[in-house]
Amino acid sequence: MSNSHRTTTRRQFNRGVLTAAASALAAPAILRGQNLNSKLNIAIIGSGGRAGDDAKALASENLVAFCDVDGRLLSAAEKKYPSAKFLTDYRKLFDHPEEFDAVVVAIPEHSHALATMLALRAKKHIYCEKPLTHDVWEARMIRETAAKTDVITAMGIQMHATDNYRRIVELVQGGAIGAVREAHVWVSRAWGLQSEEASKRNKDIFYVTDRMPPEDPPPGVDWDLWIGPAQYRPYTKAYLPGPRWYRWLDFGNGTMSDLGSHWNDLPFWALKLHAPLSVEASGIPPHPEIAPATMQAIYEYGPRGDMPALKLYWHQGEDKPEIWTSGGIPKWPDGVLFIGDKGMLLADYSKHTLLPEKDFADYKPPEQTLPHSPGHHKEWIAAVKSGKPMHANFEYGGWLTEANHLGNIAYRVGKKLIWDAEKMQVTNTTDADQYLRRERRKGWEL
């Protein structure tokens with residue numbers, strides 16, 4: 001970032017301190033049902049991409065701060081929100097916790113955990129984009145820390161707030177298709193490493209043989225801050241601009257942890273899933289640095305209350321369930337299939353259907369028990385102001401994130417993993433240990 005922009009940042013910072021101090025005299029710093037009409041003071045970690053979308057969704061509140069390592073994005077946000085303060089290093093935001101009530105974390109996932117932990121320790125309500133963390137240990141630490149606070153937390157899985165998902169949960173839990181012992185999730189996104197042959201068939205597949213040559217980062221980007229807790233490496237265009245970082249295992253976990261947060265959310269919720277007993281995965285030989293475009297994972301879950309043991313299949317990229325390939329169900333490009341004793345339920349983000357259709361021609365759905373949501377962001381705001389926790393909180397999101405990460409770990413290890421959730425340990429091999437918890441760079445410890 002240029003010196004001139006750093007000067008602007010300091011000026012904005014000082015102005016923000018004075019404004020916050022004046023506001024503190026007039027209103028409570030933290031709103032927990034004290035005044036439902038009061039506006040929250042929200043700090044957003046990030047400013048473009050998802051952070052920009054979050055800012056629009058939360059525009060009815062007071063957006064008091066933005067943090068971003070990219071000066072270009074920060075300058076664009078400054079034009080939209082001139083009364084806010086602007087910082088490059090989100091850690092400095094917490095030098096003045098009295099300025100804000102809540103935090104949104106919307107930066108690449110390798111930096112989620114520290115930003116989130118700082119907010120929790122400062123006792124700030126927090127909305128963190130999916131996936132919650134970069135590894136299993138981080139997810140466990142965040143979930144357990146959140147459980148010890150009284151702040152309202154939310155993981156950014158927007159589909160959780162849709163009427164479609166809620167009606168599906170009611171159908172499955174209401175016994176519409178009977179006991180479910182098998183479920184499939186498939187996503188067609190094919191971002192990541194795949195065979196050269198597959199890359200010719202699908203333009204979205206990212207085929208890499210060698211690392212791109214190092215170069216200077218784009219003007220305005222503080223690359224050292226962007227790297228954050230990951231081990232340092234020089235900048236190349238393979239990482240930025242855009243979400244290219246998502247494919248690289250030091251920064252993201254590919255499609256499994258990203259879209260898995262949305263698509264696995266539905267069976268996780270409807271089937272009351274928690275920690276798997278085992279996970280195995282397959283695909284092309286794993287690359288040490290890049291997530292796969294195509295893979296499959298199989299989760300085994302034990303009985304949950306009156307629900308029987310379950311196998312949940314994850315299909316990614318070119319992999320699809322056999323019943324889809326053979327034409328046994330409509331070939332929706334992405335979907336979730338629940339297979340029950342009395343029928344099947346096929347779903348995607350916006351619709352669902354009971355199969356075979358002839359068997360459910362006269363079926364009357366159960367009474368609605370899950371309330372309509374005003375939207376994921378508004379639901380979080382309402383929860384903060386009322387003090388009533390929302391369902392897609394860190395307790396729920398933490399377990400979902402752990403499960404998704406375990407799928408990636410099973411793929412990288414190439415072995416079936418027997419999982420002891422209580423001990424946070426794979427009991428049948430030590431090969432997975434290196435992926436459960438990464439080594440964090442000095443100065444970025446959790």
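The values are calculated or read from the model by the stated rules, or taken from the named source; none is laboratory data. What you are looking at is a predicted structure, and each value in this text was computed from that prediction instead of being measured. Here the Cβ is made from the backbone with ideal geometry for all residues, glycine too, and neighbour counts use every protein chain on show. Note: accessible area is taken over every heavy atom of the protein model, side chains too, but ligands, DNA and RNA are not part of it. Shrake-Rupley method; radii C 1.70, N 1.55, O 1.52, S 1.80 Å.
Key figures for this structure:
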| read-out | value |
| --- | --- |
| Some residue of the range 126-134 being farther than 20 Å from residue 244 by Cβ and surrounded by fewer than 24 Cβ atoms within 10 Å (Cβ to Cβ) | no |
| Any hit, the range 162-169, residues being open to solvent by 10 Å² or more (accessible area, probe 1.4 Å), touching a helix residue (DSSP H, G or I) at 6+ places or on another chain (Cβ under 8 Å) and of a type in the set (D, E, K, R) | no |
| Within the range 263-287, tally of residues that are assigned to a loop (DSSP other than H, G, I, E, B) and either open to solvent by 10 Å² or more (accessible area, probe 1.4 Å) or acidic (Asp, Glu) (or both) | 9 |
| Residue in the range 406-429 that is least open to solvent (accessible area, probe 1.4 Å), counting only those that are polar (S, T, N, Q) and more than 26 Å from residue 227 (Cβ to Cβ) | 429 |
| Residue in the range 398-405 that is more than 20 Å from the chain's Cα centre (by Cα), modelled with pLDDT of 95 or more and open to solvent by less than 40 Å² (accessible area, probe 1.4 Å) present | no |
| Any hit, the range 295-310, residues being under 16 Å from the mean Cα position of the chain (by Cα), open to solvent by less than 40 Å² (accessible area, probe 1.4 Å) and touching a residue at least 24 places away in the same chain (Cβ under 8 Å) | no |
| Residue count, the range 413-446 (criterion: basic (Lys, Arg) and in contact with a helix residue (DSSP H, G or I) (Cβ under 6 Å, 6 or more places away or on another chain)) | 1 |
| Top-ranked residue in the range 32-70 [being under 13 Å from residue 102 (Cβ atoms) and modelled with pLDDT under 95; ranked as surrounded by the fewest Cβ atoms within 10 Å (Cβ to Cβ)] | 38 |
| Some residue of the range 431-444 being of a type outside the set (D, E, K, R), touching a residue at least 40 places away in the same chain (Cβ under 8 Å) and in a loop (DSSP other than H, G, I, E, B) | yes |
| Residue check, residue 261 modelled with pLDDT of 95 or more, hydroxyl-bearing (Ser, Thr, Tyr) and under 14 Å from residue 131 (Cα atoms) | yes |
| Test: residue in the range 335-349 that is touching a residue at least 24 places away in the same chain (Cβ under 8 Å), within 29 Å of residue 110 (Cα to Cα) and open to solvent by less than 50 Å² (accessible area, probe 1.4 Å) | yes |
| Residue under evaluation residue 236, criteria (1) of a type outside the set (Lys, Arg); (2) at positive phi; (3) at pLDDT below 95; (4) open to solvent by less than 10 Å² (accessible area, probe 1.4 Å), criterion not met | (2) |
| Qualifying residue in the range 430-440 (condition: open to solvent by less than 70 Å² (accessible area, probe 1.4 Å) and more than 17 Å from residue 289 (Cα to Cα)) | no |
| Breaking point among (1) in contact with a Phe, Trp or Tyr (Cβ under 9 Å, 6 or more places away or on another chain); (2) within 26 Å of residue 38 (Cα to Cα); (3) open to solvent by 10 Å² or more (accessible area, probe 1.4 Å), for residue 104 | (3) |
| Residue 154 being small (Gly, Ala, Ser), surrounded by 24 or more Cβ atoms within 10 Å (Cβ to Cβ) and without any contact (Cβ under 8 Å) to a residue 60 or more places away in the chain | no |
| Of the criteria (1) farther than 29 Å from residue 415 by Cα; (2) in contact (Cβ under 8 Å) with a residue 40 or more places away in the chain, which one residue 353 fails | (2) |
| Top-ranked residue in the range 75-93 [being part of a helix (DSSP H, G or I) and of a type outside the set (A, V, I, L, M, F, W, C); ranked as surrounded by the most Cβ atoms within 10 Å (Cβ to Cβ)] | 90 |
| Any chance residue 378 is open to solvent by 10 Å² or more (accessible area, probe 1.4 Å) and over 21 Å from residue 145 (Cα atoms) | yes |
